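The values are calculated or read from the model by the stated rules, or taken from the named source; none is laboratory data. Everything numeric here is computed off the predicted structure, so don't read it as measured data. Because the Cβ atoms are built from the backbone with ideal geometry, glycine has one as well, and the counts that use them run over all protein chains shown. These area figures cover heavy atoms from the full protein model, side chains too; ligands, DNA and RNA do not enter into them. Shrake-Rupley method; radii C 1.70, N 1.55, O 1.52, S 1.80 Å.
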Amino acid sequence: MKKELPKVYEPKIYEDQIYDKWDKSGVFQPDNISDENEKYLNIIPPPNANGELHIGHASGYVVMDLLGRYNRMLGKKVLLLPGKDHAGIQTQVVYEKKIKEERDLTKYDLGREKFYKEVYDFCIDRSQYMRNQEKKLGLGADWSREKFTLDPKVISTAIETFIQMYNEIDDDGNRMVYRGERIINWCPRCESALSDFEVEHKKENGKLYWIKYGPFVLATTRPETKLGDTAVAVHPDDERYKDMVGKNYTIKGVLGNFEIKVVADKEVDMEFGSGAIKVTPAHSFVDNEIATRHNLPSKKIIDESGRMMKNCGKYAGMTTAKAREAIVVDMEKMGLLDHIDDDYDHSIAVCERCGYTIEPIPSEQWFVNVDHKNFSLKKEARKVVESEKIKIYPARFKKVMLQWIDNVHDWCISRQIWWGPRIPAWYKDGLTKVQIDSPGDSWKQDEDTFDTWFSSGQWAYTTLDYPDGKDFKDFFPSDNMIMGRDILPLWSFRMIILSLYRTRSIPFKNLYFTGLVRDEHGKKMSKSKGNGIEPLEMIEKYGTDAVRMSLLVGSSPGNDMNLGEAKIEGYRNFVNKLWNISKFVVTNTKQDNLVEIKRKDCTLADLWILQKTKELIDETTKNINGYRFSQAGESLRSFMWEDFADWYVEVSKFEDNKEIKNTILTMVMKDLLRLWHPFIPFVTEAIWKNFDDSLLASSSWPKSERYMKIVGGDRETNKLDFETIKSIIIAIRNARAEYRVAPGKKIDATIYGSKNSDTITSQANIIKNLRTGIEKLDVQEKGQKITKAIYLSVDGVDVYIPLEGIVDFEKEKKRLQKELEKSESFAKTIATKLQNEKFTSSAPKEIVDKEKEKAKQQEEKIEKIQKFIKSLG
């Protein structure tokens, strides 16, 4: 067996060959584990198969892989199931731009069938590229099971769900899936309906038009929609308009007079404009809801191309922007324009994919009735979330999810695009049939495709070959679903409702939300700002393990985290620290000379590190089970760097029980590698081969019981005894630094240990050798106070370090006296400032608090200097 490690760890040398070894070994394939073992499933959210992975994907992947590796080490039959999403509108827009830029073609030049085939091939190619990226991140997925949302079996199951929902009819004849006209988000550029998730809201500085509107003067950003107004709404509590509610008024308009009704509705903001708003039910979601509540008529004036319709007279055919300009000119001529605010900040809705302004319009689409009488999707979803059959992390997101469920509307699932599975509806002579195959001659299939969320919303069971597949029977429901908080109400909700309806089961037991990854200053990452972090670039530069650690430590469920290159570089240094510690252990231990560890053969330091390792295993296990990955990483780092490297490794260099030390160093190092493996799999696997011929990825999770058996007895006392020794050593080191004792200068020390005297005496060799510079150490139970010496009180132990011959008393007293005067002067200045009522009452609270903190620090410093002066006699 190889027994040496190179001087430094170079990720590029190891990572690809290690992943290849894992892949070929079959360690990621659950079929190699007995069916009798406990099952663990994490279906990986499918990234869009049209580009490449970004740092947001990576943040989710490292959590999923950590949990997969951890549960595999627990002996479970683990399946991390990967896949890719065809991503409907987004992919179509990406590919349309691609063929326009590269070949000056449109989708119409290619035709639907050829366009679909080209996009499919494009997605398969990108999927292969992204799969390589996922492997670079160390994702331990079973690639033989990888799925695509357009795989025939996946599509077939999704379509069957649609047909089943269409045929779900209540006693009143209402279908769960129906075709009807409702107001929807419409992108004139993409010529398709959009989900709320496909709409972005951006700030725009524009104009606010104040128009004369019968007895009102109203403010609006869209005067062109006046052509579709059917009412004016005011707040019920607004005294200005109380006598007008319920009345009808004739309004003068650019196309002639029209009638409106005044209604009172709590949706109206009394602070906006004049407190009265015009109501255009066909082209505003808010107005549509007001119209529904008050039974108001609706008039559509904007078509699917974003232009004014024929019922708009001379403005017909104009874009909404052109119509706005023309109508404002005409209103001004007619005296209907009161004034214009030219500097008005407001929010506009744009298509996430192409950036075009969204038009809310009534449109005939396919909808899912989320509150159907036979099976209310929203009520059933609420039950499983509220009862915590699905447990949500962080817990506060449970409330967010419930609020979303309570306010959800019927779901528009049709899209007017070519890329994606077509809706299985057939039309002929006013008849509609919903089935997979054509009913016969002259029947025409619906041109629309499914909203991508309708197929990906069934990902939890379609990927497992529902309903008869072995994977579905073995693994469903998933143990964990990990996703970004930004798709909480969209994807997670849809997976829950579709799974409850189709399988009558929850899709997953635990739902964990990651936050967004922002730059080091907390700003959103974007290519245009140039502040993005590219995972592959960082892996190339610092190694995968450094990238993984930077995403795991400092993160918490649902909270955004800041990430800069400096943090990743810092974890590269940390990975090297682990390598160097391991190098020492590998070099200084004999694997063929391990002995049985008996308590009677252990030193105090041995018992301490064994107890600390036992606690570390328990704490790490508890933290991972509780989804506290950052805390787990911090504890592991603290133990590795401080307890193990800085203390136990140093102690092992000069204590005499070498065979026991050899075994303990090996045992603790191997278990430390096991504990670290889910976090940093590559470097730990590279080190592991120096201890064991098997793969670390297939090894078992360490058990704390074997440490407990060795330590036995009063374990807490053993730990506290060595902690006291540590405290004494640290105090002596600090005192040397504070009194400026030269590093090479030897000192004497006297310790009055009281009840700890025997323990301290037994550890005198450690106290003298661990960088304290003590030449002579005298330990007594008690004794007289020693003058002209540094006095330290540590855990009930008195420590004296005589200074005669080490420190020039007079010179040091003069230096300390000057430092004291300077500190007292500074403290007086701060005190004067804090006594100034003008400062304390007018300065920001954080500034005042900062000054108070300065005052406290100066008081402590003065007290410390006075203590030093006193110790000098």
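For the range 753-781, a tally of residues being surrounded by fewer than 16 Cβ atoms within 10 Å (Cβ to Cβ) and in contact with a Ser or Thr (Cβ under 6 Å, 6 or more places away or on another chain) returns 2. Among the residues of this structure, PHE472 does not count as one that is hydrophobic (A, V, I, L, M, F, W, C), modelled with pLDDT of 95 or more and touching a strand residue (DSSP E or B) at 6+ places or on another chain (Cβ under 7 Å). Might you let me know whether the range 681-699 holds any residue that is open to solvent by less than 10 Å² (accessible area, probe 1.4 Å) and either without any contact (Cβ under 8 Å) to a residue 12 or more places away in the chain or farther than 30 Å from SER25 by Cβ (or both)? Among the residues of the range 681-699, not one is open to solvent by less than 10 Å² (accessible area, probe 1.4 Å) and either without any contact (Cβ under 8 Å) to a residue 12 or more places away in the chain or farther than 30 Å from SER25 by Cβ (or both), which makes the answer no.
Enumerate the strands (runs of 3 or more DSSP E) found wholly within the range 225-333, keeping only those where 1 or more residues are within 24 Å of CYS187 (Cα to Cα) and open to solvent by less than 50 Å² (accessible area, probe 1.4 Å). Passing ranges, in order: 276-279.
Just one residue in the set TYR40, TYR61 is more than 22 Å from GLY515 (Cα to Cα) and of a type in the set (Ser, Thr, Tyr); that residue is TYR40. Of the residues making up the range 782-803, just one is of a type in the set (Asp, Glu) and either open to solvent by less than 60 Å² (accessible area, probe 1.4 Å) or not in a loop (DSSP other than H, G, I, E, B) (or both), namely ASP798. When the range 842-851 is filtered for residues that are closer than 30 Å to ALA735 by Cα and surrounded by 13 or more Cβ atoms within 10 Å (Cβ to Cβ), only GLU851 remains.
Every residue in the range 647-658 that is assigned to a helix (DSSP H, G or I) and either within 22 Å of ALA395 (Cα to Cα) or open to solvent by less than 60 Å² (accessible area, probe 1.4 Å) (or both), please. Correct list: TRP647, TYR648, VAL649, GLU650, VAL651, SER652.
What do you reckon, is LYS444 free of Cβ contacts under 8 Å to residues at least 24 places away in the same chain, basic (Lys, Arg) and touching a Pro at 6+ places or on another chain (Cβ under 8 Å)? Here the answer is no, as LYS444 does not meet what is asked.
Within the range 593-601, can one find any residue that is farther than 30 Å from GLY532 by Cβ, in contact (Cβ under 8 Å) with a residue 40 or more places away in the chain and touching a Phe, Trp or Tyr at 6+ places or on another chain (Cβ under 9 Å)? Checked the range 593-601: no residue is farther than 30 Å from GLY532 by Cβ, in contact (Cβ under 8 Å) with a residue 40 or more places away in the chain and touching a Phe, Trp or Tyr at 6+ places or on another chain (Cβ under 9 Å). Yes or no: MET640 more than 27 Å from the chain's Cα centre (by Cα), crowded, with 18+ Cβ neighbours inside 10 Å and within 28 Å of THR772 (Cβ to Cβ)? Considered against the rule, which asks whether it is more than 27 Å from the chain's Cα centre (by Cα), crowded, with 18+ Cβ neighbours inside 10 Å and within 28 Å of THR772 (Cβ to Cβ), MET640 comes out as no. Taking each residue of the range 768-779 that is of a type in the set (Lys, Arg) and looking for partners that are open to solvent by less than 30 Å² (accessible area, probe 1.4 Å) with beta-carbon atoms closer than 7 Å, six or more apart or interchain, yields LYS768/ILE774. Please tell me if PHE375 is in a helix (DSSP H, G or I) and under 20 Å from SER505 (Cα atoms). No. Which residue is most open to solvent (accessible area, probe 1.4 Å), if the candidates are limited to the range 529-564 and must be charged (D, E, K, R) and at pLDDT below 90? Of everything passing the filter in the range 529-564, LYS529 is most open to solvent (accessible area, probe 1.4 Å). For PHE839, only one of the following conditions fails: (1) surrounded by 14 or more Cβ atoms within 10 Å (Cβ to Cβ); (2) touching a residue at least 60 places away in the same chain (Cβ under 8 Å). What is its number? Condition not satisfied by PHE839: (2). For the range 351-360, the criterion of being acidic (Asp, Glu) and modelled with pLDDT of 95 or more is met by none of the residues. Please find, within the range 723-752, the residue that is surrounded by the fewest Cβ atoms within 10 Å (Cβ to Cβ) out of those that are part of a strand (DSSP E or B), among the β-branched types (Val, Ile, Thr) and in contact with a helix residue (DSSP H, G or I) (Cβ under 9 Å, 6 or more places away or on another chain). Out of the qualifying residues, it is ILE747.
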